[in-house]
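The values are calculated or read from the model by the stated rules, or taken from the named source; none is laboratory data. Since this is a predicted model, take the numbers as computed values, not measurements. Every residue, glycine among them, receives a Cβ derived from its backbone with ideal geometry; neighbour counts consider all protein chains shown.
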Amino acid sequence: MTSFPGGTGGYAELAVVDADLVAPFPAGCSFTDAAAVPLAAGTAWEVLQRLRPMAGAWVLVHGASDGVGTFLVQLAAAADLRVIAVGGAGSHRLLGKLGAAGCVDYHAASVAPRCAGGGRRAGRRRR
């Protein structure tokens, strides 16, 4: 069941909504992928809005290579935050390109000791 503004819902192939509730998506992008973006990006945005970290602060992002995590890494880096991204080693190159200052492979080491001291022990960005 689809939730609509006002608390109503229903099943339908087509629905009428206000124009400010929809946005175009690029050619070649599936409807499924396009539908996932607002949820993941919106969640990441909401996290930063609620935390309101000061520029230059360290931010630890668990699950940095998932949908919300990749948006959070990018948004945090754009807000001049220093990001330590926690994810598998295979994602470290991507996370560095997205703006992570350091990455921790949770398969290889415990996260807490690697991040002690303001991120100095986290793996450095790989390109």
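Structure notes:
- Contact annotation: no residue pair with Cβ atoms under 9 Å, 6 or more positions apart or on different chains, pairs a residue in segment 101-127 that is farther than 13 Å from Arg82 by Cα and surrounded by 11 or more Cβ atoms within 10 Å (Cβ to Cβ) with a partner that is of a type in the set (Phe, Trp, Tyr) and modelled with pLDDT under 80.
- Applying a threshold of 6 Å to beta carbon distances and a minimum spacing of six or more residues, or different chains, the list of pairs starting in segment 27-55 at a residue that is free of Cβ contacts under 8 Å to residues at least 24 places away in the same chain and assigned to a helix (DSSP H, G or I) and ending at one that is surrounded by 12 or more Cβ atoms within 10 Å (Cβ to Cβ) and not charged (D, E, K, R) reads Ala34/Phe25.
- When Ala64 is tested against the conditions (1) of a type outside the set (Lys, Arg); (2) modelled with pLDDT of 95 or more; (3) outside any loop (DSSP other than H, G, I, E, B), the lone failure is (3).
- Scope segment 28-78; condition farther than 27 Å from Arg114 by Cα and of a type in the set (Val, Ile, Thr); matching residues: Thr32, Val37
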